[in-house]
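A.B. asks: Just passing along the structure, written as structure tokens.
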Amino acid sequence: MMKPNVRNFVRSAAAAALAGVVALSAGHASAADKVSLRLAWLLNVQGAGYVMAKEKGFYADAGLDVDILPGGPNINSTALVATGANTFGTNDSGQVIFGKAEGMDLVIVAACFQKYPGGVLSLEKTGIKTPKDLEGKTLAYNEGGPWAFTQAMLAKEGVDMSKVKAVVAMGNEILMNGNVDAKTAFIVNEPISVELAGFKTATLAPADYGVNAYAEAIFTAKDFAEKNPDVVKRFVAATVKGWDYALAHQDEAVAAVLKLGEQLDPEQQKRQLALQKDFIVSPFTEKNGTCAFSGDTIKETQEVLLKYGGLKAPIAIDEVYSTAFLPKKD
Amino acid sequence: MTEATGEAAGETLAVPPGKGPGRLRTLLSAYAPAILVFLTVGFAWEAAVAFFRIPKFLLPAPSVVIQRIIADAEPLAQNVFVTMQAAVAGLILGTIIALAFALIFLMSRILERALFPWAIIVQTVPILAIAPLLTIWLGSAIITIFPILVNTVRGLRSVNRQVFELMRVIGASPGQTFREVRVFAAMPYTFAGLRISAGGAVIGAIVAEFTGANLGIGTVIVNAGYRQDATMLFSAIFCSCVATIALFYVVVALERLCLFWPDARLES
């Protein structure tokens, strides 16, 4: 999902500089509010909720004309929203915290993945069922979100790191080939690719061990939220409807996403959306609504990043989110 | 990009060194224009960031970058050192492979026709895509082979007919002809290739580090990306540029050492 790249900043700087001028001059219209949504990653079922909100007219009903734009390895949604190049963005809450630390004035207004989708992926036959099982095993990692949260999970579970052989490497081939026993991964999509290649997999999710961050957190620039609270509320409410619809009508959602992304594998996308349901629906959302979130989890995420993610100093954490834009649950 | 600036810098070095007080003036006239442009660009950048209030997560000012480099000098130096080790190892390995194939091509036209397409294929593979499969120095080696190979083959064949006839007349063996004529004819070409490859070697190492390394400028760049730390990103880029330029000058120095006879240098 998030694979930062050398050209991240350079590209987004250029794009933002250009698009920022456009955004500033556009102002906002009275008929339908024109807003853009910059996804954290390439368009796939990870963004099924937004696609369905647009497809089924939930955005239009809310008086919004939403342009859904893909992210990718060279596109940084946080910087693009912070500069005003895009109105809304999605990313994991950790990335918003990092962005805030670098001076991006962002505010999280909703969070659709309740469980952080990064963790440890292994083949089922290796028998890694708990974090402790990693002792004596080879674990491939590369820097980034999943590794930071995996380290926090291993520490919390009292895993002796001197017994885990951690190596830097990436690619699922090394796992299937048996070069390593486990690897850090995004566990909503990577296990499916490995399974489609004919291997049974097992995953460890830090979120299951109380080490969590939100993914598909929706954020906007603080300034925009203050000036257009109504637009933000309408956008969040329509997005929530989109996610609820996508989860209730998965085949339709997959078809809509495939229409927009021709290189996607239908089988993989179908299975990913089914798997995603566990990340989106939780006892918390059943009580508070889809995409609802709690500030406590965001604070916990900051703690993980301070300890394992290389975040140098705490940020003004209360300013980085606001639950005021969430729809009231009736 | 690196090659272009390196090439330009190489030209300025080619100014004949003077003696005594004239020497300082020569040096000054050689380097002053470059330094002036550097300073102008630096100040313009600084002023633009201040004037347009460009946030530091988009484009940090040079002063901010320099402060970061000073503050993090130790880890940066350590990482640059690791990358440069890999780059130099890759450059040496790439040079050996290139020279070996140049010799094979010289000896057999058939083998050349059979194998040359592979040299082109290796050159055209998008290295980022195969980076996870490579060790770091191999990434450097792959990038360095082609320029050296092509130039050396050309150099080896650049000897004109009369020279061969002369060697035959004086009764030189093929081995002697190779050692005394071909090698010297090829050397300026090989070094021209090496100049290009020096910059490529560092880039190859950095790209390979993106996906599988504990240390090195490539990992610093990936980490800076994850932490959205544009200042660190620019610091890493700056340090690797300086190191690459240094490597380029090492190659230039080697070249001057090896090409000692008059008329040896291709460009000057």
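A.B. asks: Scan A:251, A:244 and give me the residue that is modelled with pLDDT of 95 or more, under 19 Å from the mean Cα position of the chain (by Cα) and among the acidic types (Asp, Glu).
C.D. replies: A:244
A.B. asks: Right, something else. I'm trying to understand the selection: among the residues of the range B:69-93, which are open to solvent by 50 Å² or more (accessible area, probe 1.4 Å) and either among the acidic types (Asp, Glu) or within 14 Å of chain A (Cβ to nearest Cβ) (or both)?
C.D. replies: Matches in the range B:69-93: B:71, B:74, B:75.
A.B. asks: Quick check, is residue A:213 in a loop (DSSP other than H, G, I, E, B), crowded, with 21+ Cβ neighbours inside 10 Å and out of contact with any His (no Cβ under 6 Å at 6 or more places or on another chain)?
C.D. replies: yes
A.B. asks: If I filter the range B:29-37 for residues that are within 14 Å of chain A (Cβ to nearest Cβ) and open to solvent by 30 Å² or more (accessible area, probe 1.4 Å), do I get at least one hit?
C.D. replies: no
A.B. asks: In addition: Given the criteria away from chain B (no Cβ under 14 Å) and either without any contact (Cβ under 8 Å) to a residue 60 or more places away in the chain or buried (at least 19 other Cβ atoms within 10 Å of the Cβ) (or both), does residue A:92 qualify?
C.D. replies: No.
A.B. asks: Still on this structure: Among the residues of the range B:192-246, how many are more than 7 Å from chain A (Cβ to nearest Cβ), closer than 23 Å to residue A:96 by Cβ and touching a residue at least 24 places away in the same chain (Cβ under 8 Å)?
C.D. replies: Number of matching residues: 4.
A.B. asks: Name the helices (runs of 4 or more DSSP H) wholly inside the range A:235-330 in which the number of residues that are without any contact (Cβ under 8 Å) to a residue 40 or more places away in the chain is 3 or more.
C.D. replies: A:250-260, A:266-280, A:295-304
A.B. asks: If you check every pair at least six apart or on different chains, which have Cβ atoms under 6 Å apart with a residue in the range B:34-55 that is of a type in the set (Gly, Ala, Ser) first and a residue that is open to solvent by 90 Å² or more (accessible area, probe 1.4 Å) and not in a helix (DSSP H, G or I) second?
C.D. replies: none
A.B. asks: Select from the range A:158-196 the residues that are open to solvent by 60 Å² or more (accessible area, probe 1.4 Å) and either over 19 Å from residue B:214 (Cα atoms) or not in a loop (DSSP other than H, G, I, E, B) (or both) and list them in ascending order.
C.D. replies: Matches in the range A:158-196: A:161, A:162, A:163, A:165, A:173, A:177, A:195, A:196.
A.B. asks: Which helices (runs of 4 or more DSSP H) does the range A:35-101 wholly contain that include 1 or more residues that are among the acidic types (Asp, Glu) and farther than 22 Å from residue A:302 by Cα?
C.D. replies: A:48-55, A:58-61
Yes/no per residue for (1) under 30 Å from residue A:183 (Cα atoms); (2) buried (at least 20 other Cβ atoms within 10 Å of the Cβ):
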{"site": "B:141", "(1), (2)": "yes, yes"}
{"site": "B:148", "(1), (2)": "no, yes"}
{"site": "B:166", "(1), (2)": "no, no"}
{"site": "B:171", "(1), (2)": "no, no"}
{"site": "B:183", "(1), (2)": "no, no"}
{"site": "B:193", "(1), (2)": "no, yes"}
{"site": "B:215", "(1), (2)": "yes, no"}
{"site": "B:226", "(1), (2)": "yes, yes"}
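A.B. asks: Conditions first: (1) modelled with pLDDT of 90 or more; (2) open to solvent by 50 Å² or more (accessible area, probe 1.4 Å). Residue B:56 passes all but one, so which condition is the exception?
C.D. replies: The number of the failed condition is (1).
A.B. asks: Could you go through the range B:106-127 and let me know if any residue there is at negative phi and within 14 Å of chain A (Cβ to nearest Cβ).
C.D. replies: Checking the range B:106-127: at least one residue is at negative phi and within 14 Å of chain A (Cβ to nearest Cβ).
A.B. asks: Among A:148, A:152, which is open to solvent by less than 30 Å² (accessible area, probe 1.4 Å), assigned to a helix (DSSP H, G or I) and within 14 Å of chain B (Cβ to nearest Cβ)?
C.D. replies: Answer to the check: A:148.
A.B. asks: I'd like the residue in the range A:95-117 that is away from every other protein chain (no Cβ under 12 Å) and under 18 Å from residue B:226 (Cα atoms) and, out of all such residues, is surrounded by the most Cβ atoms within 10 Å (Cβ to Cβ).
C.D. replies: Residue satisfying both the conditions and the ranking: A:116.
A.B. asks: What number of residues within the range B:109-119 are small (Gly, Ala, Ser) and either surrounded by 13 or more Cβ atoms within 10 Å (Cβ to Cβ) or touching a helix residue (DSSP H, G or I) at 6+ places or on another chain (Cβ under 9 Å) (or both)?
C.D. replies: Count: 1.
A.B. asks: Further question: What do you reckon, is residue A:323 in contact with a Ser or Thr (Cβ under 8 Å, 6 or more places away or on another chain) and either within 22 Å of residue A:116 (Cα to Cα) or open to solvent by 70 Å² or more (accessible area, probe 1.4 Å) (or both)?
C.D. replies: yes
A.B. asks: If I ask for residues that are open to solvent by 60 Å² or more (accessible area, probe 1.4 Å) and closer than 23 Å to residue A:204 by Cβ, which ones from the range A:276-287 would you list?
C.D. replies: Within the range A:276-287, A:277, A:278, A:283, A:284 meet the criteria.
A.B. asks: Could you tell me whether the range A:124-132 includes any residue that is open to solvent by less than 10 Å² (accessible area, probe 1.4 Å) and either assigned to a loop (DSSP other than H, G, I, E, B) or touching a His at 6+ places or on another chain (Cβ under 8 Å) (or both)?
C.D. replies: Checking the range A:124-132: at least one residue is open to solvent by less than 10 Å² (accessible area, probe 1.4 Å) and either assigned to a loop (DSSP other than H, G, I, E, B) or touching a His at 6+ places or on another chain (Cβ under 8 Å) (or both).
A.B. asks: Would a scan of the range A:220-230 turn up a residue that is outside any helix (DSSP H, G or I) and open to solvent by less than 10 Å² (accessible area, probe 1.4 Å)?
C.D. replies: Yes, the conditions are met somewhere in the range A:220-230.
The values are calculated or read from the model by the stated rules, or taken from the named source; none is laboratory data. Bear in mind that the values here come from a model prediction, so they are computed numbers and not experimental data. Cβ sites come from the backbone with ideal geometry, for glycine too, and all protein chains shown count toward neighbours. Side chains are part of the model used for accessible areas, which takes the heavy atoms of the whole protein and leaves out ligands, DNA and RNA. Shrake-Rupley method; radii C 1.70, N 1.55, O 1.52, S 1.80 Å.
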